[in-house]
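Structure first, commentary second.
Where a number appears in this text, it was derived from the coordinates with a stated rule and is not lab data. Worth saying up front: this structure is predicted, and the values here are computed from it rather than measured. Here the Cβ positions follow ideal geometry from the backbone for every residue, glycine too, while neighbour counts run over all protein chains shown.
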Amino acid sequence: MNVKSIAAQLGERRARFASSSGSARSLIAHWRVSDFVALTKPRVMMLAVFTALVGLSIAPVRPDTLTTFAAVVAIAAGAAAAGMLNMWYDADIDAVMSRTAMRPIPRGKISRFQALVFGLFLSGLAVAALGLATNLTAAALLACAILFYIFVYTAWLKRATPQNIVIGGAAGALPPVIGWAAGTGEVGVEPLTLFLIIFLWTPPHFWALALNRTDDYARAGVPMLPVTAGRAATTRQILVYSGLLALASELPWVLGLAGSAYAVVAALCGAVFLLLAAQLNSSTAADRRAAHRLFVFSICYLFALFAALLVDHGNGSLSRMQSSTGGCAARSVHAELRQGAVREAPCFFNLSISEV
């Protein structure tokens, strides 16, 4: 074999190695991007964005399209940052829970330091962007939501008390208030009713999940209610919160934020929620399906409720004002509505969320 043939073979091998190395680097880059996306809890982020969009859309004053888009992106970034910081802090317990063991940090795909740095950077960027795009009130509320979720819920309540998800649920209930503030620059009674709905929805939603994950939470040392109080006490609490949720869900109709169509949707969905909660309360410990049914329906429930509000709030406000005034006043209100005093919100679909 001459020198030229040997050199040719070496050149071919280097080319094949370079090609395979390039493919490997591309694959690694792809997985790192997907891991960082997973770190943001994208499905939970979608819920925050959706409820914030509803709050912004039903506000009496809405910014222009570009500002609205900037506000939604900033809120999404804030929710993503909160997810990153949550996974950074909870990496130790995520590693021992079967439900969370495949998250990026326990698998070693992303280091805790990387999650911390990106979470802090994205938090600051999101708050600053929302403040610049809308107002300081919305930015302050976003900052409060992130800080409450990380320091009050994740770092303190989650590992300290069975009421962790009750109190900590305030952070997840703030997005519609942030959306409303982004449009109006203030906080009123109306967005607080949306806050109350999500706040009351959170315990039955997460306790239904935890009922089938009791061993997981116990192994991680997380004092979820099913771990500390048992199944019977938890299902009773779920039934109580479900009843309160059904009542609170009618508040947007009472306040004129939505019309009769929303009231019907809220009543029907609330009745189904209560029925599933009652079935769970009367089920045996061996029946895992009852808790799973309630958990799955709770996701559909919140989406249906806010979607109905998004579509119906303008028509509901008009019909209630017309029924409470004379014909002349009704025509005046209708003229104001046509001029944009109260705008009908667009419909927003394709929401998919899952457990945290």
Using +1 at the Cβ of each Lys and Arg and -1 at the Cβ of each Asp and Glu in region 39-338, identify which of L209, A277, A308 lies farthest towards the dipole's positive end. L209
Computed over the Cα atoms of region 39-338, what is the convex hull's projected area averaged over all directions, in nm²? 15.4
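Please report, largest first and rounded to whole Å, the three semi-axes of the ellipsoid equivalent to region 100-142, where each semi-axis is the square root of five times an eigenvalue of the C-alpha gyration tensor. Please report the intermediate quantities before stating the final value.
Numbers: eigenvalues 180, 20, 8 Å².
Taking √(5λ) for each eigenvalue gives 30, 10, 6 Å, largest first.
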Extension length gain for L244 and D287 (0.36 nm per residue less Cα distance), in nm, is 13.0 nm
With the contact rule set at Cα under 8 Å and sequence spacing of 6 or more, what percent relative contact order holds for region 39-338? 18
Which residues' amide hydrogens lie under 5 Å from the amide hydrogen of R213, considering only partners 5 or more residues apart or on another chain, with H built in the peptide plane? none
May I ask you to work out the translational diffusion coefficient for region 100-180 at 37 °C, viscosity 0.692 mPa s, via Stokes-Einstein with Rh from the Kirkwood sum over Cα pairs, reported in whole µm²/s? 232
So if each residue of separation counts as 0.36 nm, and I subtract the Cα-Cα distance between V189 and A278, what length gain in nm does that give? 28.9 nm
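Counting alpha carbon pairs within less than 8 Å and at least 6 residues apart, what relative contact order, in whole percent, applies to region 117-220?
For region 117-220, the relative contact order is 24 percent.
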Extension gain, T65 back to D215 (0.36 nm per residue minus Cα-Cα distance, nm): 49.2 nm
